[in-house]
Structure formats: C-alpha cells, structure tokens
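*Asks:* This is the structure I have questions about; it appears just below.
Quick note: the coordinates plus some simple rules give every number you see, no bench work behind them. The structure displayed is predicted, hence computed values, not measured ones. Positions of Cβ are generated from backbone atoms using ideal geometry, with glycine treated the same way; all protein chains shown enter the neighbour counts.
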Amino acid sequence: MVTKSPSISREFADYCCELLASAGPCVARRMFGGWGISTDGLTLAIIADLGGGERLYLKASDETLARFEVAGCQRFVYEAKGKPMSMNYYSAPEDAMESAHAMAPWARLALECALKARVPSVKRSSSAIRKKPSSRPESVRPASPRDRRKPGAA
C-alpha cells in the first residue's frame, strides 16, 4: 500500500529528476503520498514507498512491459479497498539508478509511453452538444419548421 509518510524525500525526487533529464526538463510534484515526475506536462515516472523504501517507477505500456520484466523490474502494485491494483509503471532497473547516462534509454522509453498514453482532447461540434429539452408542455411550444409547411406539400 502506498504510504503517506514523509520518508520519500525531496532530495530523492530531485535526484530522480536529474536521472531522467535526458527525456527533458523534469519537475517533481507531490502526488498521493509520493511524487509524480513530469516533463512538458507528461507524467513519465512516479516515486512511491510500498514498504520497501522509496523507489522510482517508470511509465510503461503493453508494448514495453516485456523489456521491463526482462530487466528484472517490478510492476507498480498497490492495495485499494483490500484488493491489489496495478498501474503501467515499473521500477527502474537498479543499474540505471547509478547515472543519468545509464538511465537515458529508460527515460526515453518512459517518455514515449507517456506520449502514447496521452489522450488528445476531443472537440465537440455544436451538433454533438445535446440541447436541454424544454419544460413547456407540447401545446405551448412554438411549431417546428416541419409543422409550418403548407398543407398538401411533401
């Protein structure tokens, strides 16, 4: 379970931002008792303490999870309402935690996953917006253009 303890230090979050800098300028923000790390508004990593100490988790996707698993990374799993829940984040490989150079390919992979996961905003046309039905009784509503046709016209 994700703890809300102050054990996840700002220093570790800053260090992780330095490690991930090859993906772009990173910002760490408090999030759900841990940290979220983003670049250009895209969350590419999170930091959480699941009982084993503070740990960096990188954004993954269905297409990239095998790479993480081969590298010995663990999926981010937490407990909610007594049930295990998971997210598409995997722990960073131990050797990648040593330097920004070693982290660079993983940082780029996490950024690519964050970009693919981004859902473009959907613009709705005016015809797609439903109008609220009138509360006036049928007999009081103005006639529709269809009702105004001349008798006998098709």
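*Asks:* Sorted by average packing, counted as other Cβ atoms within 10 angstrom per residue and highest first, what order do 8-16, 40-48, 70-78 take? Provide the component values of the computation, followed by the final result.
*Replies:* Values: 8-16: 16.4, 40-48: 20.1, 70-78: 14.9.
Result, highest mean Cβ count within 10 Å first: 40-48, 8-16, 70-78.
*Asks:* In whole Hz and in residue order, list the ³J(HN,Hα) couplings for region 26-39 that follow from phi through the Karplus curve 6.51 cos²θ - 1.76 cosθ + 1.60, θ = phi - 60°; x for Gly and Pro.
*Replies:* 9, 10, 9, 10, 4, 7, 6, x, x, 9, x, 10, 9, 9
*Asks:* Additional query: Regarding region 10-115, what are the three Cα extents along the principal axes, ordered largest first, in Å?
*Replies:* Answer, in whole Å and largest first: 38, 30, 25 Å.
*Asks:* Under 5 Å between amide hydrogens, which residues at least 5 positions from ALA45 or on another chain qualify, with H placed 1.01 Å from N in the peptide plane?
*Replies:* Sorted by chain and number, the residues that satisfy this are ILE37, LYS59.
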